[in-house]
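What follows is a set of notes on a single structure, which appears directly below.
The values are calculated or read from the model by the stated rules, or taken from the named source; none is laboratory data. It should be emphasised that the depicted structure is a prediction, and the values quoted were computed from it without experimental measurement. Here the Cβ positions follow ideal geometry from the backbone for every residue, glycine too, while neighbour counts run over all protein chains shown. Remember, those area values only see protein heavy atoms, side chains included, never the ligands or the DNA or RNA. Shrake-Rupley method; radii C 1.70, N 1.55, O 1.52, S 1.80 Å.
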Amino acid sequence: MDETKIVLDSYREKLTPPADFNFPFSPYTIQTDFMKNLYTAIEERKLGIFESPTGTEKQKKKVFHSVKDNSTSNLPTDSNIPKTNEITEFTDEDALLLDEFTDSITSEESSEEEDEIDDKFIDTKIIFCSRTHSQLSQFISELKKTVFANHTRVAPLASRQSYCINKDVNKYHSVSLVNEKCLQLQRNNKAKVTLKGEFGEKIKQKKCGSGCPKMKGVTDLGEQLVATILDVEELKTMGEKTGSCPYYASRSAVSNAELVIVPYNTLLHKTTREACGLELENSVIIIDEAHNILETISNIHSSQVSGAQLTLAYNQLTMYKDRYEKKFSANNLMYLKQIIYVIGSLIKLIGGKPGYGSGEASAIVMGTKIYTIHDFISCAQIDTFNMYKLVNFCLKTKLTHKISGFTEFNSPVVQLKSKSNAVGGIKSFLNSISKIAPVKEEAEVSVETEPSSSQPLVPILSLLENLTLNNKEGRVVVSTSNIIGKAMIKFLLLDPAITVTDIISKARSVILAGGTMEPKGELKERLFIACGADHQRIMEFSCSHIIPPNQILPIVLTKGPTGKPLDFSYESRSSLTTINEFGRVLVNICNIVPAGIVCFFPSYEYENTIFEHLNKHGIIENISKKKQVFREPKKTGGVDEVLSGYAKAVKTAKGKNGALLFSVVGGKLSEGLNFSDELGRCVMVVGMPYPNIKSPELIEKMKYLEQNVRNGAGKEYYEACCMKAVNQSIGRAIRHQSDFATVLLLDQRYSAQRVLNLLPAWIMKSLIIEERFPQGLAAVVKFFKQHDKTSSLSAT
């Protein structure tokens with residue numbers, strides 16, 4: 001930590017937690033305890049791990065009051081305003097596409113071509129970060145209920161896709177396409193062309209493109225934003241009314257905001273963070289839903305490239321070079337040829353031939369191989385190139401955007417060779433790879449209507465950037481296929497701490513918060529300490545649950561009704577004995593538990609296996625006489641319909657006793673959703689959702705932890721992956737002080753002490769390990785009879 005700050009701190013008055021945190025309601029004792037400890041952590045510049053079980057209504061926003069009153073301000077700093085380039089002797093189109101490689105850039109999501117704001121006043125800020133925009137909106141909604149709502153300057157940041165009000169841009173369905181079109185409009189707004197006279201003399205400059213019409217009034221909208229608290233949807237609505245861009249308005253408000261609300265990627269990705277103007281120095285950073293923060297960091301900084309993307313990028317760059325080769329400077333042409341060569345070498349590595357399509361691979365051994373960074377670079381024969389300079393060249397020149405624009409203007413010209421001399425062309429190529437290159441549902445794009453906007457160079461640059469890391473910090477996974485387009489090169493980040501060291505070291509305080517933070521040991525060891533933090537700076541706090549122990553009945557059932565072991569290990573879970581025994585358990589539980597039951601399985605595949613078997617043998621039909629049966633859909637689009645049907649069946653009943661919902665651990669319903677009251681009177685977890693132990697990536701991760709952290713760290717990581725997912729699933733029930741439910745863990749392995757140690761403390765206080773099913777069933781019957789009487793008394 002900066003020695004100057006330590007000296008200043010010694011003269012600053014030490015504050016003690018206030019007696020009243022101005023809750024908008026009468027707080028529980030544990031809520032007050034939470035706030036006092038959080039206040040102390042921030043005052044003493046701690047790194048905190050705060051566990052607050054669901055239902056305690058986490059009020060982290062109240063720390064705001066103390067931080068504002070005890071901060072050190074920095075002097076305003078001048079900004080560097082990028083200068084517009086002058087381009088001569090090109091057509092308007094060429095000026096936009098070439099631009100002589102002289103601009104600066106940061107990253108695909110955060111690369112901006114906007115003027116910085118002068119006279120920034122840097123004060124202590126709270127940066128609140130959570131996983132989804134809906135969670136951030138919920139936080140803002142709670143903030144509005146407090147006494148701080150009328151005098152707090154808030155800036156909610158979100159993606160262009162979330163904020164864009166330009167119909168010509170937001171019609172695209174993927175983040176990358178919206179980013180691309182937005183930046184293209186910003187570039188058009190600044191690009192100029194020099195007109196020359198008959199004898200070559202300079203006459204004048206004029207704009208050679210039209211920018212986004214929504215950029216007018218952005219500053220005014222930003223000022224309105226800090227004057228009132230708005231969430232993302234409210235700011236977007238205001239932007240639509242004023243015709244001003246909410247995305248750039250929120251960015252302009254960051255410097256004057258006291259509280260900045262951001263999604264994970266904006267904070268945890270350095271380039272994006274810097275482009276947004278987030279200052280780490282003396283900031284208080286609160287990361288909510290932080291139980292999976294290590295995995296989140298690794299995923300953000302990992303990268304993967306398909307053979308289809310490599311092939312498309314190679315052909316786009318080659319055509320671009322051929323078009324403008326005589327216009328490039330010698331230095332720029334050298335780098336452009338180098339990036340083309342590197343991509344061609346990667347195509348050869350996966351069995352392809354540069355310049356050809358993504359069809360059949362040459363004679364190559366199919367399978368997956370893992371390389372160290374050095375070995376991969378050597379094997380790909382690209383060890384003579386400086387990857388850092390290549391990536392910097394592409395970023396500095398905005399090459400990805402120029403290639404995208406070039407492809408859009410010249411898509412009929414970008415032809416691809418084919419071994420079979422089949423019909424070529426970019427559209428044909430994209431139509432072919434659309435069948436073999438899967439994309440996430442949220443990023444689905446029609447290749448028929450948007451064939452030239454796939455930006456294959458973006459993930460390639462991300463991969464090349466990762467190749468500049470230290471050799472031990474990552475691995476490269478190469479999966480080959482007999483179809484080049486299906487081959488994959490993936491970078492796996494093994495040490496997430498290296499990417500967030502500046503956050504841990506520069507921030508005044510970093511708080512990791514969540515409903516269930518077990519195992520806390522890995523957060524201390526692999527994040528805080530790995531980033532160089534002193535043990536004394538780390539602080540832990542765990543709330544008790546707001547509900548008394550008699551309102552939760554957690555049971556580990558090791559055997560079924562016929563006395564057969566409940567063993568859902570990979571080797572045993574597919575046996576008819578195991579499946580039939582589970583069917584008997586399910587029928588018994590459905591007969592005695594009122595209202596809603598949510599049953600979690602380790603995977604969609606196993607859920608389908610169970611359902612098909614039970615359905616075939618009439619068990620589903622039998623259960624349906626008592627409870628209507630619903631299943632979690634694989635596609636996101638069907639979730640709302642299933643949830644709506646389930647809730648309606650639970651609450652209306654109509655002669656039946658509620659509903660049963662089959663779900664998946666780690667799926668769409670296991671995190672972020674509430675099954676309170678009648679919606680979740682029982683949560684069942686079938687088996688233990690361990691990741692695939694044969695996965696090459698998992699094996700490499702575990703090996704790394706064993707070698708670089710300590711003996712046993714790999715196995716602990718494997719256990720933690722499973723139990724963090726389980727803890728999130730069982731946390732879907734019990735959402736408030738009057739709620740009650742039973743949690744059934746169906747697998748004899750849950751009785752092992754090492755597993756029990758990873759369960760939440762509030763579960764362990766009431767946990768029963770039952771080897772005799774009849775006794776376990778009797779305990780459930782007694783539990784609901786007791787609460788049925790209590791509910792009746794309350795009603796009278």
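Once you keep just the Cα pairs under 8 angstrom separated by 6 or more residues, what percentage relative contact order results for the stretch 614-658?
Value for the stretch 614-658: 37 percent.
Given a 1.4 Å probe and every protein chain left where it sits, what share in percent of the accessible area of the stretch 644-693 is carbon and sulfur?
Using a 1.4 Å probe with all protein chains present, the stretch 644-693 comes out at 47 percent carbon and sulfur.
Structure shown: which of LYS627/LYS724; LYS145/LYS236; LYS348/LYS635 lie over 25 Å apart, alpha-carbon to alpha-carbon?
LYS627/LYS724; LYS348/LYS635
Pull out the extension gain between GLN737 and ASN299, defined as 0.36 nm times the separation in residues minus the alpha carbon to alpha carbon distance; nm, one decimal.
Length gained between GLN737 and ASN299: 154.1 nm.
Using only the alpha-carbon atoms of the stretch 485-612, report the extent along each of the three principal axes, biggest first, to the nearest angstrom.
58, 55, 25
Using Cα pairs under 8 angstrom and six or more residues apart, how large is the relative contact order of the stretch 576-720, in percent?
31 percent
Around ALA725, under 14 Å between beta carbons, what's the net of Lys plus Arg minus Asp minus Glu among the other residues?
Surrounding charge for ALA725 is -3.
For ILE699, ILE403, write out the residues from largest to smallest accessible area, computed with a 1.4 angstrom probe and no ligands counted.
Correct descending sequence by accessible area is ILE699, ILE403.
Which number comes out as Rg/Rh for the stretch 649-796 once both Rg and the Kirkwood Rh are worked out on C-alpha atoms?
That ratio is 1.05, to two decimals.
Would you kindly calculate the translational diffusion coefficient of the stretch 708-772, applying Stokes-Einstein with the Kirkwood radius from alpha carbon pairs, for 37 °C and a viscosity of 0.692 mPa s, and quote it in µm² s⁻¹ without decimals?
243 µm²/s
Exceeding 28 Å between C-alpha atoms, which entries from my cross-link table qualify? They are LYS125/LYS520; LYS270/LYS486; LYS490/LYS634.
Long pairs (Cα-Cα over 28 Å): LYS270/LYS486.
Any chance you could list P(r) for the stretch 199-354, counting all Cα-Cα pairs in 5 angstrom bins from zero, rounded to whole %?
Once binned at 5 Å, the Cα pair distances of the stretch 199-354 give 1, 7, 11, 10, 10, 11, 12, 13, 12, 8, 3, 1, 0, 0.
Roughly how compact is the stretch 268-412, stated as its Cα Rg over 2.2 N^0.38 Å to two decimals?
So the stretch 268-412 has a normalised radius of gyration of 1.29.
Net charge around ALA155, counting only other residues with Cβ within less than 12 Å of its Cβ (Lys, Arg = +1; Asp, Glu = -1)?
Result for the neighbourhood of ALA155: 0.
Fully extended, how many nm does the chain gain between ALA149 and LYS782 (0.36 nm per residue separation, minus their Cα-Cα distance)?
Gain on stretching ALA149 to LYS782: 223.2 nm.
So what does ARG754 come to for accessible area, using a 1.4 Å probe and Å² rounded to 10?
130 Å²
When the accessible area of the stretch 447-538 is computed with all protein chains present and a 1.4 Å probe, what percentage of it is carbon and sulfur?
Carbon and sulfur together cover 47 percent of it.
What is the Cα radius of gyration of the stretch 213-265 over 2.2 N^0.38 Å, N being its residue count?
Ratio of Rg to 2.2 N^0.38 Å for the stretch 213-265: 1.04.
Using θ = phi - 60° and the Karplus curve 6.51 cos²θ - 1.76 cosθ + 1.60, what whole-Hz ³J(HN,Hα) does each residue of the stretch 459-474 get, with Gly and Pro shown as x?
Per-residue couplings from phi come out as x, 5, 5, 4, 5, 5, 5, 5, 6, 8, 6, 4, 4, 7, 7, x Hz.
At a 1.4 Å probe radius, which order do LEU310, LEU673 fall into by accessible area, largest first?
These residues rank, largest area first, as LEU673, LEU310.
I'd like the carbon and sulfur percentage of the solvent accessible area for the stretch 225-334, probe radius 1.4 Å, heavy atoms only, ligands and nucleic acids excluded.
46 percent
With N set to the residue count of the stretch 613-732, report its C-alpha Rg divided by 2.2 N^0.38 Å to two decimal places.
After normalising by residue count via 2.2 N^0.38 Å, the value is 1.36.
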